[in-house]
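Visitor: My questions will all concern the structure given below.
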Amino acid sequence: RNKVVQELAAERSIRLLFRPSYSPNRNLIERLWGFTKRHSVYGRYHPDFASFRTAIETTLAGISTTHANTLQSLMTLKFQTFEDVSLLTA
């Protein structure tokens, strides 16, 4: 959002698209942690810390096997889509 960058972009007919300052969906580790919580914590009762920890570790241990197909689409850097194709050429 730097003024110099905005002016340079305007001179070169570049349209800038700004992201929010905090975008957890764009951070891969945040996506992995969200997935882990959904599969090991949400809707489940853990009577003690050992049970909670085991659930987290079990989910993480299954990343490359049990959860590989689900994570293949979740853990990608190709997450941004443009509904309006004119944004790409404007």
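Visitor: With the structure loaded, tell me whether Ser51 is touching a residue at least 12 places away in the same chain (Cβ under 8 Å), surrounded by 11 or more Cβ atoms within 10 Å (Cβ to Cβ) and among the small types (Gly, Ala, Ser) or whether it fails that test.
Guide: no
Visitor: Out of all the residues in region 1-48, which are free of Cβ contacts under 8 Å to residues at least 12 places away in the same chain and β-branched (Val, Ile, Thr)?
Guide: Listed by number, the residues that qualify are Val4, Val5, Ile14, Ile29.
Visitor: Is it true that Ile56 is open to solvent by less than 70 Å² (accessible area, probe 1.4 Å) and of a type in the set (Val, Ile, Thr)?
Guide: So Ile56 fits the description; yes.
Visitor: Scan region 27-47 for residues that are of a type outside the set (Ser, Thr, Tyr) and open to solvent by 80 Å² or more (accessible area, probe 1.4 Å) and jot them down.
Guide: Ile29, Trp33, Arg38, Gly43, Arg44, Pro47
Visitor: Then there is this: Within region 10-20, is even one residue modelled with pLDDT of 90 or more and either assigned to a helix (DSSP H, G or I) or surrounded by 13 or more Cβ atoms within 10 Å (Cβ to Cβ) (or both)?
Guide: Yes, there is a match, as at least one residue in region 10-20 is modelled with pLDDT of 90 or more and either assigned to a helix (DSSP H, G or I) or surrounded by 13 or more Cβ atoms within 10 Å (Cβ to Cβ) (or both).
The values are calculated or read from the model by the stated rules, or taken from the named source; none is laboratory data. Since this is a predicted model, take the numbers as computed values, not measurements. Ideal geometry is used to build each Cβ from the backbone, glycine not excepted, and the neighbour counts take in all protein chains shown. All accessible areas refer to the heavy atoms of the entire protein, side chains included, with ligands and DNA or RNA removed. Shrake-Rupley method; radii C 1.70, N 1.55, O 1.52, S 1.80 Å.
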